[in-house]
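**Q** Let me begin by handing over the structure; questions about it come next.
Each value in this text was obtained by applying a stated rule to the coordinates, not by laboratory testing. Everything numeric here is computed off the predicted structure, so don't read it as measured data. Note that each Cβ is placed from the backbone with ideal geometry, even for glycine, and that neighbours are counted across all protein chains shown.
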Amino acid sequence: MTGIRYNAAHWGVYEVDPEQPGSPLSPWRNDPSPTPIGLDQRSAGVMNLRVTKPAIRASWRAAGHRATGAGRGAEGFVEIGWDEATDLIAAELERVRTAHGNQAIFGGSYGWASAGRFHHAQSQLHRFLNLAGGYTRSVDSYSLGAGRALMPEIVASMDDLSAGATSWDVIAHNTQLFVTFGGIPEKNAQVSPGGAGRHRVRGALRQAAAAGVRFVNLSPVRDNLDDTLAAEWVSIRPNTDTALMLALVHEIDRAGLADHAFLDRYCVGSDYFLTYVRGGIDGQPKTPAWAASITQVPERRIVDLAHEIATHRTMLNCAWSLQRASHGEQPFWAIVALAAMVGQIGLPGGGFAVGYGPMNAIGSAAPWLKGPTLDQGRNPVTAFIPVARIADMLLNPGAAFTYKGQGHTYPDIRLVWWAGGNPFHHHQDLNRLRQAFRRPETIIVQEQYWTPMARFADIVLPATTSLERNDIGFATREGLYVAMRRMADPPGEALDDHAILARIADRLGFGRAFTEGLDETGWLRRLYGQSRSKAAESGIPLPDFDDFWDQGLIDLSEFSSSQIAFSDFRADPLSHPLSTPSGRIEITSQRILSYALPDCPGHPAWMAPDEWLGADLSHAFPFHLISDQPARRLHSQLDHAELSRAGKIAGREPVHIHPADATARGIADGDIVELFNDRGRCLAGAVLSAHIMPGVLRLSTGAWADGDGPLDRHGNPNVLTRDRGASGFSQGCAALSCLVGIRRADHVPPVRAFDPPTFIA
Ligand SMILES: Nc1nc2c(c(=O)[nH]1)N[C@H]1C(S)=C(S)[C@@H](COP(=O)(O)OP(=O)(O)OC[C@H]3O[C@@H](n4cnc5c(=O)[nH]c(N)nc54)[C@H](O)[C@@H]3O)O[C@H]1N2
Ligand SMILES: Nc1nc2c(c(=O)[nH]1)N[C@H]1C(S)=C(S)[C@@H](COP(=O)(O)OP(=O)(O)OC[C@H]3O[C@@H](n4cnc5c(=O)[nH]c(N)nc54)[C@H](O)[C@@H]3O)O[C@H]1N2
Ligand SMILES: [Mo]
């Protein structure tokens, strides 16, 4: 194995042959289904867009923080040296914290950044800002805003649910019926944050099908489940799954199939919930006929499905996308209630999961260890926002918001600092976000590439990629430690995020506290050592650092052991209570009930979203837009690589439309179309597909935002999505509640997302 080095990315582990010129990356040889994402990350098209020198927006260079934000995103940049950049930033940070307090610094810096436990961009930035006196932070994630707020109240934290999901081998051996809401998209299971190891989902699904597991996929699209499984596709209108789940509960209850012994022993609040389902609270029984009119799933199919679920060992699964919607708490709560009704939670192959599909690690049997983590210190500032409220915060300083039953106010932000995220990828209603990002006095961005966020900054600092530094790869439940050995020189003057922040910390007088006198190797040894001690406590011996570094890879698969979610709780709910207020599954939550929120009542409930196919607005904008995760990249990362670009149509992101809908609008396969609503417009390339239900469009996220007015030329769905929280409880991202219209585009300007910015000498 001499010469072979390893590297880890969120989407896989690479073998790297430093001797080989050209594309030196190949997938790890033990990965049964490696992904092509990232293999082309050193290509000319990618490297062309690297940030190679610190750069300053021209008018900020002239006027500093007094420059207006109006030119952001349009103006040219001046390249400067590291010394000048460091001085300017140190002075600006000093000015803001003195004049306005540390709360005026927004350092939430949400985003996936890259794999590698030491050079993790947000952790580095948070550590730095904490030593500088703190910052306004963000909580929760775009992935799971509603889920992270709700699930610990009613059953278990999202982290425990993900890491504790029943392993795939148990499913193959015990599950009879696998009912999934939102498929199990193999495209999504390409990734695990920190480094997917063995891509296991394709094999696991096929093994389950071969063992006789029957799959039912309730979803507006068909192609989010392996088509070799002979699964049944039941098309369902987007955002209506809760109504369907309630009707399944209604039928199970009506037919006398509910497991009352389970509900009594392991749950609280099922009586009140059943009163609601029977119609005793709002006068509307949640019957299959009622749900059929909302979901467009035939009444007969709902009735039969209820009986199939109750009379087979059934795993109920839910994609995360369902909670990235208005009232996104409800489908997660309803699937727990439905699983409790049939009493299979804690049994092998039965119960619920939220969910199989979004990440490779879910369903893994690899050991559950805590990986190496950089200490971020303590943040003395208490101000925070739920992560998806960024534009609200910037536009409305001092305004009130609610979160988990408490009232809070938005701070007045003067300085925004981002490292490792792309808000012009992740946030909704990008035209509104542009307005919001014109408000702060200063925006600093650490980036590898000239992304839309980098272009919107006042000061851009060039960061290295994980191929250009040494690090440790580790992802929870992937069973691997990866010695990520540097294998390329950074272009131009790019520095590691740690080195960038260490320079500025030095200038501000806390350099020593930031680095603790350790260099990169010193940090890797320390972080690995801490993780090694923890592993030893779990009975897993790891080699010492030098052996790890020589070996390149520690494979823990021999320590794998199957698991059954909630088996301890089921065996003995008194000795293994849940972490909920009652210690049991909360089918009704007294705590959430006490918040008296109109958009998040105390039990699973159907509330129509503002934007869905049953809304009045659908007369003007008749399509429900699904902006799901992209198959050929991770979010916006590597959208400029060949793999992603090869998936475009005349340079635009593909939008999937049912052939009947297309024909009715004179749209042919390959046409450039325009999607529109009151918030914005975007171009996309039409793909006619019978794998999507009529009335629904699918435009994946991640095309680099490319607009200076309401029109996005490239196909970024977030120019159309709505910027409203899932509810006043979680304030989660609700991107998947979005109505649009579609027509053939009559004017098709060129895509400029991948043109480098203008530099002023
Ligand atoms: N409409 C719609 N919108 C969505 C979603 C949806 O389903 N629909 N999904 C949401 C979800 S679940 C998520 S998680 C978010 C994802 O949103 P993000 O995580 O913000 O998206 P990424 O494209 O991964 O952005 C990471 C950025 O970090 C940069 N980067 C990578 N490594 C480093 C590094 O080492 N140092 C520095 N300084 N920079 C680095 C990359 O170049 C990239 O620009 O999007 C959300 N947005
Ligand atoms: N290749 C790749 N993989 C990724 C990512 C990526 O960017 N690229 N992002 C990762 C991240 S950060 C996250 S959080 C996870 C997200 O994981 P998810 O949120 O689960 O992923 P999505 O692809 O948004 O949606 C999953 C499926 O749900 C369907 N769906 C959408 N709306 C509805 C609905 O209302 N009802 C039903 N029944 N189905 C619906 C969609 O059509 C899609 O096929 O994915 C991760 N995996
Ligand atoms: Mo996510």
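**Q** So if I average 1/r over every pair of distinct C-alpha atoms in segment 332-473 and take the inverse, what Kirkwood radius in Å does that give?
**A** Every distinct Cα pair counted, the radius reaches 19.4 Å.
**Q** Spelling out what I want: for every residue of segment 464-478, take phi, set θ = phi - 60°, compute 6.51 cos²θ - 1.76 cosθ + 1.60 (Karplus), and round to whole Hz; glycine and proline get x.
**A** 7, 9, 5, 6, 10, 8, 9, 6, 10, x, 7, 10, 3, 6, 9
**Q** Using alpha carbon centroids, what distance separates segment 573-615 and segment 399-473, in Å?
**A** Segment 573-615 and segment 399-473 have Cα centres spaced 32 Å from each other.
**Q** In addition: With point charges of +1 on the Cβ of Lys and Arg and -1 on the Cβ of Asp and Glu, referenced to the Cα centre of segment 88-190, which listed residue (Gly183, Ser143, Ala99) lies farthest in the positive direction of the dipole?
**A** Ala99
**Q** What is the local net charge at Phe384, summed over the other residues whose Cβ is closer than 15 Å to its Cβ (Lys, Arg +1; Asp, Glu -1)?
**A** Cβ neighbours under 15 Å give a net charge of +2.
**Q** Taking the Cα centre of segment 616-744 as origin and charging only Cβ (+1 Lys, Arg; -1 Asp, Glu), how large is the dipole, in debye to the nearest 20?
**A** It comes to approximately 60 debye.
**Q** Dipole of the chain, Cα-centred, from +1 at each Lys and Arg C-beta and -1 at each Asp and Glu C-beta, to the nearest 20 debye?
**A** The calculated dipole for the chain is roughly 820 debye.
**Q** With Cβ to Cβ distances under 13 Å as the rule, what net charge do the other residues near Asp547 carry (K, R +1; D, E -1)?
**A** -1
**Q** Along the three principal axes, how long is segment 616-744 when you take its alpha carbons, biggest first, rounded to the nearest angstrom?
**A** Taking the Cα atoms of segment 616-744, the three principal extents are 41, 35, 30 Å.
**Q** Quick check on the chain: helices-only [θ] at 222 nm, where DSSP H runs of length 4 and up contribute -39,500 (n - 2.57) each and the sum goes over total residues. Nearest 500, please.
**A** The helix-only estimate for the chain comes to -8000 deg cm²/dmol at 222 nm.
**Q** Quick check: the distance between the Cα centres of segment 1-61 and segment 116-164, to the nearest angstrom?
**A** Each part reduced to its Cα centre gives a spacing of 26 Å.
**Q** Rounded to the nearest 5, what % of the DSSP beta bridges within the chain are antiparallel ones?
**A** 50 percent
**Q** Quick one: what are the phi-derived ³J(HN,Hα) couplings along segment 53-61, Karplus 6.51/-1.76/1.60 with θ = phi - 60°, whole Hz, x for glycine and proline?
**A** 9, x, 9, 10, 4, 3, 6, 5, 5
**Q** Ok, one more. How charged is the neighbourhood of Asn677? Take every other residue with its Cβ under 15 Å from the Cβ of Asn677, and add Lys/Arg as +1 and Asp/Glu as -1.
**A** That works out to -2.
**Q** Using the crude model of +1 on Lys and Arg Cβ and -1 on Asp and Glu Cβ, and no other charge, please compute the dipole size for segment 399-489 relative to its Cα centre, in debye to 20.
**A** Roughly 220 debye, rounded to the nearest 20.
**Q** At a threshold of 8 angstrom on Cα-Cα distance, excluding pairs fewer than six apart, so keeping six or more, what relative contact order does the chain reach in percent?
**A** Relative contact order comes out at 21 percent.
**Q** For Val234, list long-range residues whose amide hydrogen, built 1.01 Å from N in the peptide plane, is under 5 Å from its own amide hydrogen.
**A** Excluding prolines and chain starts, which carry no amide H, the hits are Asn217, Leu218, Ser219.
**Q** How much of the calculated P(r) for segment 560-668 lies past 22 Å, in percent of all Cα pairs?
**A** In whole percent, the share of Cα-Cα pairs in segment 560-668 beyond 22 Å is 67.
**Q** Okay, next question. Beyond 33 Å, how much of the Cα-Cα pair distribution for the chain remains, as a whole percent?
**A** More than 33 Å apart: 51 percent of the Cα pairs in the chain.
**Q** With label points built 7 Å along Cα→Cβ from the Cα atoms of Val748 and Ala63, find their separation and express it in nm.
**A** In this crude label model, Val748 to Ala63 measures out at 4.0 nm.
**Q** Here is a further query. What number, in percent, do you get for the relative contact order of segment 507-623 if the mean sequence gap of Cα pairs under 8 Å and at least 6 apart is divided by its residue count?
**A** 9 percent
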